[in-house]
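The structure appears right after this line, and notes come after that.
The values are calculated or read from the model by the stated rules, or taken from the named source; none is laboratory data. All figures in this text were calculated on a predicted structure; none of them were measured in a lab. Glycine also receives a Cβ, built like all others from the backbone with ideal geometry; neighbour counts cover every protein chain displayed. Surface areas here come from the heavy atoms of the whole protein model, side chains and all, with no ligands, DNA or RNA. Shrake-Rupley method; radii C 1.70, N 1.55, O 1.52, S 1.80 Å.
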Amino acid sequence: MKLITKKNIIPIICITYTVLSISLTIYEIIVNGKMNPAQLNIFLFLILSILGVVVLSQHYRFESFSPLTMIIMQYAIAIAVILISLKTASFFVDIHPDGYRDLTLSFSIPYIIGAIIYYITLRLEVNKQNKLLENIKKNRKQSI
């Protein structure tokens, strides 16, 4: 039995890389006793990745809306969470004057690419399932 196949090698590489990167970063913070800006960025992008995946995974809650409205609502929710979090952080640390713009762009570009890939894949999977249901219905009618 093969655990790593052609279909899952890329996700396994990505998961392995993420776990190793985060583990090494945590180890460096513990050893050095402080967090440097590069390490902060690693955790920030981990948090932004989690936010993007969680927002996309909730698409089924917006199925009553048109696909474009759903996508815009999901993006608006994610950006609102980011901007509110940054505003909250600004009470504790100084934020660069371009920080809001930079963080919005840092999130938006990968999110949009990820959302396109996600919704194309979702559409292909729905089409595949619909064809499978049609075949089941046809076979059922033929057997009756």
| field | Exposure ranking of I42, I82 by accessible area [1.4 Å probe, largest first] | value | I42, I82
| task | Calculate the dipole size of the chain relative to its Cα centre from +1 charges on Lys and Arg beta carbons and -1 charges on Asp and Glu beta carbons; express the result in debye to the nearest 20. | result | 1100 debye
| request: Would you indicate which of [x] 1.44; [y] 1.14; [z] 1.00 is the value of Cα Rg over 2.2 N^0.38 Å derived from the coordinates of this structure? | output: [x]
| task | Once you have a ≥ b ≥ c as the square roots of the Cα gyration tensor eigenvalues for region 1-62, tell me rounded if a/c is under 1.5, and otherwise prolate or oblate according to whether a/b is larger than b/c. | result | oblate
| message | I need the shape label for region 63-144. Rule: rounded when a/c is under 1.5, else prolate if a/b > b/c, else oblate, with a, b, c from the alpha carbon gyration tensor. | response | prolate
| task | Compare the Cα positions of Q39, V93, I112 along the charge dipole of region 17-144 (+1 at Cβ of Lys, Arg; -1 at Cβ of Asp, Glu; about the Cα centre) and return the one farthest towards the positive end. | result | I112
| task | Before anything else, pin down the relative contact order of the chain: Cα pairs under 8 Å, at least 6 apart, normalised by residue count, whole percent. | result | 16 percent
| note | Filtering chymotrypsin sites (Phe, Trp or Tyr not before Pro) in region 65-144 by DSSP loop and by at most 11 other Cβ atoms within 10 Å leaves F91, F92
| said: Can you sort I79, I12, I26 by solvent-accessible area, 1.4 Å probe, largest first? | reply: I26, I12, I79
| task | For region 78-88, just list the computed ³J(HN,Hα) in residue order, Karplus coefficients 6.51, -1.76 and 1.60, θ = phi - 60°, integers in Hz, with x standing in for Gly and Pro. | result | 4, 5, 4, 4, 5, 5, 5, 5, 5, 5, 4
| note | Rounded to whole Å², per residue accessible area for the chain with a 1.4 Å probe reads 80 Å²
